[in-house]
Every structure is written in C-alpha cells, then in structure tokens.
Amino acid sequence: MGQDWAVAAREPAPTGWDFPPADSAGPQDVVAAGADLEPGTVLAAYRAGLFPMPEGRRQVLWWSPVDRGVFEPAGFTPSRTLRRARQRYEIRVDTAFDEVLRGCADPSRPGAWIDAGIIAAYTRLHELGWVHSVEAWDDEGLAGGLYGVAIGGLFAGESMFHRRTDASKAAVAGTIELLSDRHARARVFDVQWLTPHLESLGAVEIPRREYLRRLGPALAVPLPAAFER
C-alpha cells in the first residue's frame, strides 16, 4: 500500500543538461538523445514539453511529438463505454504504485518499452512526489491502472495496463475526474500520441505548437487535490 504523505513534492537537484527547444526538431518527433534520467533532468524535460523513451538498449531519446495526444478535462463528456467502465471499479491514487508500474512494464506486453532505467527513474520521482498511479480496484484487488507525471496542471500519462476487462479505461476516466476541478480549463492530460484506442476514449490531437503554448499556463496552476502529498 502507498504511504500517507503530508508534504509537498520535493524539488530535486537541477539538471546539468541543456535541452534544445521542443519545437527545434521540425517535422521530427525526436528532439534530443542522451543525457540521464536523474529526477531533475526528467522534470526539466517535462517542463520544456519533452519526455524520455529509450531506444532499445542504446540510449534515451527525448520526444516532443509533432502532433500530441491529449484529453481535455474541461467539459469532457465520457462515452457510454467509458461511463460503464468507470462504474465497475473503485478509483484510488498511489495505493499500489509499484504494482501498477510493474504491470505497465510487463515485458510480455506488445510494444513493451519500459526498461530497468525507466522503472528506477519513475520510482524515484514517485518517492519525491512527482509521479502518481491512478488505480482501478474491484473485489478481487487491483484490476488495472496507469501512472504519470503531475506538475501543476500537467498530468503526463506514461503507460497503463489492465488485468480485467475495461480496468484501464476506468483508470483513464478516473484521472479525468481528478483533473476536472475549478482549474480544469488550464489542465492538460497528456497521452503523448493519439492511438485509435485513446481516440475511442475521447482523446484528441493538437499540434506541437498548441501544446507548448498551453504548457506554461498548465504548469502554473495548482496540483489536483488527489495528487497533493
């Protein structure tokens, strides 16, 4: 189970790396390669509109998709499928982070990309209060969930998994609920790329320029209450 946190997220030591501007890659999604996955580096990347994803076993790449997938919390209307999925599960935050991360990192999953370096980096950020799990529970236990980085009004979803039908959908719906407060209009639920599955749940695609324009105001609003520690 998760810890009972009573303090704000702790700011790590600043990174020693300088990232190029997120819009400097032109028509490419990859902006930079290398650097490290220290907490200060990873947070600096998200604040600049980038996120890390390893390329095989060779190096870390830093991405800023030309077209970004997002959910819009303000005024979001869930589909009937999403409403039904949400009703089947109880939503909890940070009560089983390690289990959610392991579920997302399962190497048997198609397209598995979460390696030991990513696990260590995001576990450390969770311990510092910057990364959170949103979990779907039922009578049998943890049914699925997702994890992501929360900085002010930005929630950058990284990965999700399910053990039972529609549990990851319920976690998405639960996350949108958590972001749907009086600051919802400024909040951004980033899902990196728009896949057909995410589009079916209500995600949309916005240009990189629009994402970067909205990022500053999003970072300036308070965290949702559920992510405060």
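Let a ≥ b ≥ c be the square roots of the eigenvalues of the Cα gyration tensor of region 137-229; is it rounded (a/c under 1.5), or, if not, prolate (a/b larger than b/c) or oblate?
oblate
Just rank PHE76, PHE97, fewest to most, by other beta-carbon atoms within 10 angstrom.
So the ranking, lowest neighbour count to highest, is PHE76, PHE97.
Under the rule a/c < 1.5 gives rounded, and otherwise a/b versus b/c splits prolate from oblate, where does region 101-169 land using the Cα gyration tensor?
In terms of gyration-tensor shape, oblate.
Kirkwood-based Rg over Rh for the chain (C-alpha set), two decimals?
Ratio of gyration radius to Kirkwood radius: 0.93.
Between LEU219, PRO39, ILE114, whose Cα lies farthest towards the positive end of the dipole of the chain when Lys and Arg beta carbons carry +1 and Asp and Glu beta carbons carry -1, centred on the Cα centre?
LEU219
Can you sort GLU158, GLU177, GLU140 by how many other beta carbons sit within 10 Å, fewest first?
Lowest count first: GLU140, GLU177, GLU158.
Quick one: check the C-alpha center-to-center distance for region 20-88 versus region 149-182, whole angstrom.
If you average the Cα positions of each part, the centres end up 14 Å apart.
Rounded to the nearest 20 Debye, what is the dipole magnitude of region 68-227 about its Cα centre when Lys and Arg each give +1 and Asp and Glu each give -1 at the C-beta?
620 debye
If you fit an axis through the alpha-carbon atoms of helix 116-128 and take the longest principal axis of the Cα set of the chain, what angle between them do you get, 0 to 90°, nearest 10?
With both axes taken from Cα atoms, the answer is about 70 degrees.
Pick from TRP130, TRP63, TRP17: which residue has the top mean-square fluctuation in a GNM of the chain where Cα pairs under 10 Å get a spring?
With Cα springs under 10 Å in the chain, the top fluctuation among TRP130, TRP63, TRP17 is at TRP17.
Read-outs: derived from the displayed coordinates by stated rules, not from any lab. It should be emphasised that the depicted structure is a prediction, and the values quoted were computed from it without experimental measurement. Cβ coordinates were reconstructed from backbone atoms using ideal geometry, including for glycine residues, and neighbour counts include every protein chain displayed.
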